[in-house]
Amino acid sequence: MRLVKVSGPAGSGPRIARLALEVGISSASVHEVYTYGPDHRKDVVDVETSTPLGRAYVESLMQAPFYDLAEYTISIREGRSVVSADGPRKLTWPVVAPSVDVLEELWQFTQVSYSYVARVLMATLLVAYGMLQDNLLIIAGGLMFLPLTATLLAVSFGLWTRHWRLAVQGLAALAVATVLLVIGAAAVASMAGPPLRFNEFGPVHVGILLSVAIGVAAGLGMVDDAGHRELLGLAAASQLALVPVWLGINLVFGLPPADTLVERIGSYFVNGATIVVVSMAVYAMVGIRASALRRFMEPPNRSSEGTTAAGGRAA
């Protein structure tokens with residue numbers, strides 16, 4: 001479910017509300033507010049509706065000829081419950097989420113903050129120690145909070161919607177995580193010492209098949225309010241994290257034969273690319289379109305009165 005609030009120039013409320021009614025939303029409320037800072041009056045339109053209708057409304061507004069990032073603010077929230085005449089069967093349909101929700105969520109989860117670095121390093125310590133001891137529970141514990149799934153989905157979503165900055169951000173976050181995985185694993189290996197007991201790497205073709213399944217599930221999970229993304233994160237991390245950790249440990253203990261090294265490193269890139277390509281296909285299948293975000297990526301018209309940037313999913 002979505003609670004959507006749109007603020008625009010004074011007098012724009014009725015036409016914003018008409019857009020909501022045209023996409024099938026049963027009602028929209030309009031009220032006037034005074035905005036300090038710009039020091040002028042604005043119209044605010046509130047709607048409470050299902051996820052797919054919320055998506056249709058937001059994307060219809062962002063593609064309307066009068067829409068301008070400098071003058072309109074969109075705030076989208078997930079509702080715990082909405083009690084109305086529409087009924088729960090209609091209101092709780094969970095797919096497809098608004099494109100801007102997906103975009104801003106992926107931006108949020110791929111920001112390379114100190115928290116991101118700390119989470120990757122702590123996860124690396126667990127995964128590396130678990131691999132040294134061949135303890136699957138410890139490995140799984142580390143994989144649970146590795147943020148690798150979001151980095152791959154950011155790349156795929158950015159490429160599919162031609163939001164190039166998001167794709168680059170996802171690649172940068174993935175590169176940082178990979179380097180930290182290698183360095184952290186090497187540090188654990190230098191302190192714990194040999195041997196490396198874990199050696200459960202499957203054939204390349206099996207890894208590709210698993211990556212296809214992960215790409216489908218991860219892509220659907222991003223556009224589905226009912227998707228269990230934490231479990232998808234574990235699956236995707238298992239396909240990618242083990243190789244950098246294995247490499248970091250072997251940089252300390254001694255590298256394996258060249259053919260094994262090439263196969264393992266190659267599988268890392270092949271599996272990652274497979275997840276990206278397959279999740280792009282999922283976005284295409286569910287109807288995510290670059291045109292829905294075109295106005296979102298345009299620079300605001302600074303000549304317009306009021307320079308409020310468009311908002312995304314609010315906390």
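Structure above, values below:
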| quantity | calculated |
| --- | --- |
| Computed Rg/Rh of region 2-95, alpha carbon atoms with Kirkwood Rh | 0.98 |
| Chymotrypsin sites (Phe, Trp or Tyr not before Pro) restricted to DSSP loop in region 1-70 with at most 13 other C-beta within 10 Å | Y36, F66 |
| Rounded Å value of the spacing that divides the Cα centres of region 113-141 and region 183-222 | 12 Å |
| Cα-based helix-to-principal-axis angle, 164-192 vs the chain, degrees rounded to 10 | 30 degrees |
| Computed over the chain: relative contact order in percent, which uses C-alpha pairs under 8 Å that are six or more apart | 24 percent |
| Loop sites in region 191-283: trypsin sites (Lys or Arg not before Pro), DSSP, at most 16 other Cβ within 10 Å | R197 |
| S75 versus S113: modelled label distance in nm, points set 7 Å from Cα along the beta carbon direction | 2.0 nm |
| Exposed GluC sites (Glu not before Pro) absent - longest run of the chain, DSSP non-H/G/I/E/B, at most 13 other C-beta within 10 Å | 1-199 |
| Crossing angle, helix 13-22 versus the chain [Cα axis fit, 0-90 degrees, rounded to tens] | 70 degrees |
| Equivalent ellipsoid semi-axes - Cα gyration tensor, region 100-287, angstrom | 28, 17, 14 |
| Nearest-ten-degree value, helix 204-222 long axis tilted from longest Cα axis of the chain | 20 degrees |
| Which label in (1) 37, 22, 17; (2) 44, 19, 17; (3) 27, 24, 21 gives the computed semi-axes √(5λ) of the Cα gyration tensor in Å | (2) |
| Sparsely packed trypsin sites (Lys or Arg not before Pro) within region 23-80, loop by DSSP, other Cβ within 10 Å at most 10 | R80 |
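Rule-based calculations on the coordinates, nothing more; no lab input. Everything numeric in this text was worked out from a predicted model, so none of it was measured. Every residue, glycine among them, receives a Cβ derived from its backbone with ideal geometry; neighbour counts consider all protein chains shown.
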